[in-house]
Structure formats: C-alpha cells, structure tokens
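Colleague: Structure in structure tokens, see below.
The values are calculated or read from the model by the stated rules, or taken from the named source; none is laboratory data. Everything quoted here is computed from the prediction, not taken from an experiment. All Cβ positions, glycine included, derive from the backbone under ideal geometry; neighbour counts span all protein chains shown.
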Amino acid sequence: MDITRNEIEDILSKIDNGEKILSYIEELERHLEHHHHDEDCDCGCHDHEEEEWEEIKTPYKNSLSVKDWEKLLKDNSLFTKDSLIILKRMRHIAAPTSSAELADMFGLGALYYSLECNKLEKRLIPVIKAENLEEKDYWSILFQCWRSKNMYNEQIYALRPELYEALGNIDLSTVPLRENEI
C-alpha cells in the first residue's frame, strides 16, 4: 500500500465500523501474502502462495461509505439478481479471486462474471458521478485488483471493504449462492 498503517487507522477511525473495514483489509493482505490450501480449503481459488502480486491502482477514488453502498444495493434498477448473485459469491469467498475461479467454484463461465460486473459498473457510473473514469478502470468501482508478476499476468479481485461490509448488512437470503438454491 502507498499509505502507512497509522494513516489507514486514522482514516478508519472517522468512518462508521472502521475496525471492521481495517480487519477486512488486513485479512486481504494476509491472504495475498500467505494463502495456501489444505485438503479442507473451500475458498475456490488456486494456490497463489508462490506468486508475487502488485496492487493495480486507478485514478478512481472511492468515496462511498458502507451506508452509501447499503442504499445503492437496495436499488433494483442498479443491482439486478445476477449482479447480487456475483457479489454474494465474492463475499462468500472473502478472498481475492478471478472470474475463472468463480466459474470453477460456482459455474456459469468466467465471461458471465466479467460481463455482468461490467454491466453493473456502467449502471453505477452516473449514479456515483464517476463520469471521467475510463472504461478500462470500471472494475475499480466495485473491486480492488492485484496483478501477478508471473508471465501470465493473472488478475485477482476483492470487493472494496465498504461494499463487502454493506453486503453483510443487508438481507441477501433470497439471493442464491449456488445454482438451484432457493
């Protein structure tokens, strides 16, 4: 990260539930640094332990609070059933992952996840006033992203901490985690 832990703690002290967000950020950092699988691992991603990752930065600066996300998540014209399914799945995994890993774990194909997220991001842009964001950076509205330093340049994504928390604060009981659920 480009800012120090003290700066993060100072920012989060001014935000509702800042400790939960800090805990989530720390969990993401631990996952990226030390993730490994054992026989009982259910996170759906492959072993990233041997890989080096760099965070991808964009010019987009998220200004949405947990409460802002909660309000947006309740808007059915923005968050369709498909987009809520994807976000619920990402929250369930609670670790950086790729579209291919989501497809491996839940089905529907990697392209489904990429296209649905892109549609959601396009719906959000005018509402959150991110009009100057280039299309290649739309993902940064919903996610943090890391690129592998290996020759494949794989990218993995994690929900923004505020979005992750907001998803935990709303009722998603009617949104299926797996196909043929509910």
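Colleague: Could you tell me which numbered condition residue 168 fails, if it satisfies all but one of (1) of a type outside the set (A, V, I, L, M, F, W, C); (2) part of a loop (DSSP other than H, G, I, E, B); (3) under 26 Å from residue 179 (Cβ atoms)?
Modeller: With respect to (1) of a type outside the set (A, V, I, L, M, F, W, C); (2) part of a loop (DSSP other than H, G, I, E, B); (3) under 26 Å from residue 179 (Cβ atoms), residue 168 is out only on (2).
Colleague: Can you tell me how many residues in the stretch 161-182 are within 16 Å of the chain's Cα centre (by Cα) and modelled with pLDDT under 90?
Modeller: Residues in the stretch 161-182 being within 16 Å of the chain's Cα centre (by Cα) and modelled with pLDDT under 90: 1 in total.
Colleague: Which residue pairs have Cβ atoms under 9 Å apart, sit 6 or more places apart or on different chains, and have a first residue in the stretch 106-121 that is farther than 25 Å from residue 69 by Cα and a second that is surrounded by fewer than 14 Cβ atoms within 10 Å (Cβ to Cβ)?
Modeller: 107/178; 107/179; 108/179
Colleague: Which count do you get for residues in the stretch 107-126 that are buried (at least 20 other Cβ atoms within 10 Å of the Cβ) and not aliphatic (A, V, I, L, M)?
Modeller: 3
Colleague: For the stretch 97-106, which positions are closer than 18 Å to residue 160 by Cα and either surrounded by fewer than 17 Cβ atoms within 10 Å (Cβ to Cβ) or touching a Ser or Thr at 6+ places or on another chain (Cβ under 9 Å) (or both)?
Modeller: Selection gives 99 alone.
Colleague: If a residue has to be among the basic types (Lys, Arg) and either under 19 Å from residue 146 (Cβ atoms) or under 13 Å from the mean Cα position of the chain (by Cα) (or both) to count, how many in the stretch 74-100 make the cut?
Modeller: Result for the stretch 74-100: 3.
Colleague: Turning to a different aspect of this structure: In the set 108, 102, 72, 78, which member is modelled with pLDDT of 90 or more and in a loop (DSSP other than H, G, I, E, B)?
Modeller: Criteria check complete, one pass: 78.
Colleague: Examine the stretch 116-134 for a residue that is in a helix (DSSP H, G or I), touching a Lys or Arg at 6+ places or on another chain (Cβ under 9 Å) and of a type outside the set (Phe, Trp, Tyr), and state whether such a residue exists.
Modeller: Of the residues in the stretch 116-134, the ones in a helix (DSSP H, G or I) are 116-128.
Subsequent filtering for residues that are touching a Lys or Arg at 6+ places or on another chain (Cβ under 9 Å) retains none.
The answer is no, given that none of the residues of the stretch 116-134 is in a helix (DSSP H, G or I), touching a Lys or Arg at 6+ places or on another chain (Cβ under 9 Å) and of a type outside the set (Phe, Trp, Tyr).
Colleague: Being modelled with pLDDT of 85 or more and either within 17 Å of the chain's Cα centre (by Cα) or within 24 Å of residue 170 (Cα to Cα) (or both): is that true of residue 125 here? Walk me through it before giving the result.
Modeller: Values: modelled with pLDDT of 85 or more: yes; either within 17 Å of the chain's Cα centre (by Cα) or within 24 Å of residue 170 (Cα to Cα) (or both): yes.
For residue 125, the condition - modelled with pLDDT of 85 or more and either within 17 Å of the chain's Cα centre (by Cα) or within 24 Å of residue 170 (Cα to Cα) (or both) - is met.
Colleague: Looking only at residues in the stretch 135-165 that are assigned to a loop (DSSP other than H, G, I, E, B) and among the basic types (Lys, Arg), which one is surrounded by the most Cβ atoms within 10 Å (Cβ to Cβ)?
Modeller: Once the filter is applied, the top-ranked residue is 160.
Colleague: So, of the residues in the stretch 171-182 that are touching a residue at least 12 places away in the same chain (Cβ under 8 Å) and loosely packed, with under 15 Cβ neighbours inside 10 Å, which turns out to be nearest to residue 58 (Cα to Cα)?
Modeller: Filtering first and then ranking leaves 177.
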